[in-house]
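Novice: Okay, here's the structure, questions in a sec.
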Amino acid sequence: MSNIPFPRLQPQADVGPKQILPDLNIKIICPDCRKQVPNIIEEFASGDLVCGDCGLVLGDRIIDTRSEWRTFANDDGDDPSRVGAAANPLLDGSQLDTVISRRDGGSGTARDLNKVHGRANAVKGEKNLLNAYQEITAMSDSIGLTRLIADIAKQLYKRVEEEKLLRGKSTESIIAACIFIACRQENVPRTFKEICVITRVPKKEIGRCFKTLIRTFETNVSTMASEDLMSRFCSMLKLPMEIQKTATELTIKTKELGTLAGKSPVSVAAACIYMASCLYNQPQSTKDVAQVTGVSEVTIKNSYKLLHNEKTSLLDGKKYDYTILPPP
């Protein structure tokens with residue numbers, strides 16, 4: 001598998017000449033000892049490269065690559081580091097550009113120079129990438145997604161920009177599809193409706209972008225199951241663990257018997273949560289369940305009616321009391 005995140009399922013053939021790279025497998029061996037595993041010591045104080053076994057000097061005037069322990073900062077508190085910040089793998093270019101300071105005593109000349117210099121050295125397309133990354137971070141934080149999922153969505157968005165895959169699609173649609181795929185890949189799926197709420201993109205538009213990305217890139221996206229949504233929905237409804245376990249058992253049994261065949265995983269999860277809460281005398285109203293799951297009350301009631309008709313096959317009569325279930 002390629003080291004590139006989200007490689008293409010069908011890689012394009014290389015037409016141009018291959019780039020000649022330096023050979024990094026060169027080993028330094030002492031000519032006297034000739035050991036396959038040499039004991040080479042770098043003496044930065046004298047600037048020599050010395051064999052630790054026989055003492056032969058192999059090189060001189062080597063560069064000290066260690067950190068500078070002395071700092072020469074002035075009273076203004078400037079950063080003494082001259083190596084720049086850590087490279088961002090989500091951006092292109094060397095990222096080692098010099099930045100002109102904005103502080104010059106209040107004349108404003110340095111600020112103007114900083115602005116002009118920034119425009120001259122701006123990498124093409126980098127500003128759009130940074131804006132998209134900020135939107136992905138803000139949207140991920142709004143629904144409680146981890147930083148790992150946000151980074152995966154950023155990597156996928158960068159691959160889309162590199163391949164120029166979704167030309168004509170809005171940035172919001174691409175971002176929504178990237179977040180949706182990142183959630184599915186990390187086994188914390190979100191429904192299309194939840195993504196629609198935070199991105200304000202129509203469901204059909206997200207679906208088109210999602211299908212295009214799945215057909216193009218190699219991803220670990222699996223089919224969303226009702227069990228994957230159960231823990232989050234029950235937590236949002238503040239239901240105890242035993243109700244969550246019963247709802248999960250109902251979901252698995254329903255799938256085996258095909259009671260709710262053709263229903264979406266979200267509808268199955270909502271109906272099973274409603275039925276499980278009624279079995280433990282902690283009934284949740286269809287309105288509350290609909291508000292959390294994003295499923296209409298009519299769909300929940302119709303699905304519950306099918307479950308109620310097959311309650312003897314779905315539930316163990318010795319463990320649960322069917323009589324407390326409300327009529328559909």
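The values are calculated or read from the model by the stated rules, or taken from the named source; none is laboratory data. All values reported here derive from a predicted model rather than from experimental measurement. FYI the Cβ positions are ideal-geometry reconstructions off the backbone, even for glycines, and counts take in every protein chain you see. These area figures cover heavy atoms from the full protein model, side chains too; ligands, DNA and RNA do not enter into them. Shrake-Rupley method; radii C 1.70, N 1.55, O 1.52, S 1.80 Å.
Novice: How many residues does region 263-280 contain that are over 12 Å from Thr299 (Cβ atoms) and open to solvent by 10 Å² or more (accessible area, probe 1.4 Å)?
Specialist: Residues flagged as over 12 Å from Thr299 (Cβ atoms) and open to solvent by 10 Å² or more (accessible area, probe 1.4 Å) within region 263-280 amount to 3.
Novice: Find the helices (runs of 4 or more DSSP H) located wholly in region 160-252 whose residues include 2 or more that are over 30 Å from Ile273 (Cα atoms) and not aromatic (Phe, Trp, Tyr), and list them. Explain how you work it out, then say what you get.
Specialist: Details: elements: 171-185, 192-199, 203-216, 226-236.
The qualifying helices (runs of 4 or more DSSP H) are 171-185, 203-216.
Novice: Still on this structure, please answer the following. For the structure I just gave you, tell me whether Ala73 is at pLDDT below 85, part of a loop (DSSP other than H, G, I, E, B), open to solvent by less than 80 Å² (accessible area, probe 1.4 Å) and more than 30 Å from Glu161 (Cα to Cα).
Specialist: The answer is yes for Ala73.
Novice: Separate question: Identify the single condition in (1) open to solvent by 10 Å² or more (accessible area, probe 1.4 Å); (2) at pLDDT 90 or above that Glu163 does not satisfy, given that it satisfies every other one.
Specialist: Failing condition for Glu163: (2).
Novice: Additional query: Quick one: in region 307-318, of everything that is in a loop (DSSP other than H, G, I, E, B) and modelled with pLDDT of 80 or more, which residue is surrounded by the fewest Cβ atoms within 10 Å (Cβ to Cβ)? Steps first, please.
Specialist: If we filter region 307-318 for residues that are in a loop (DSSP other than H, G, I, E, B), which is where we start, we get 310, 315-318.
When the remaining residues are screened for being modelled with pLDDT of 80 or more, the result is 310, 315.
Values: Glu310: 15, Leu315: 21.
Across region 307-318, the extreme among qualifying residues is Glu310.
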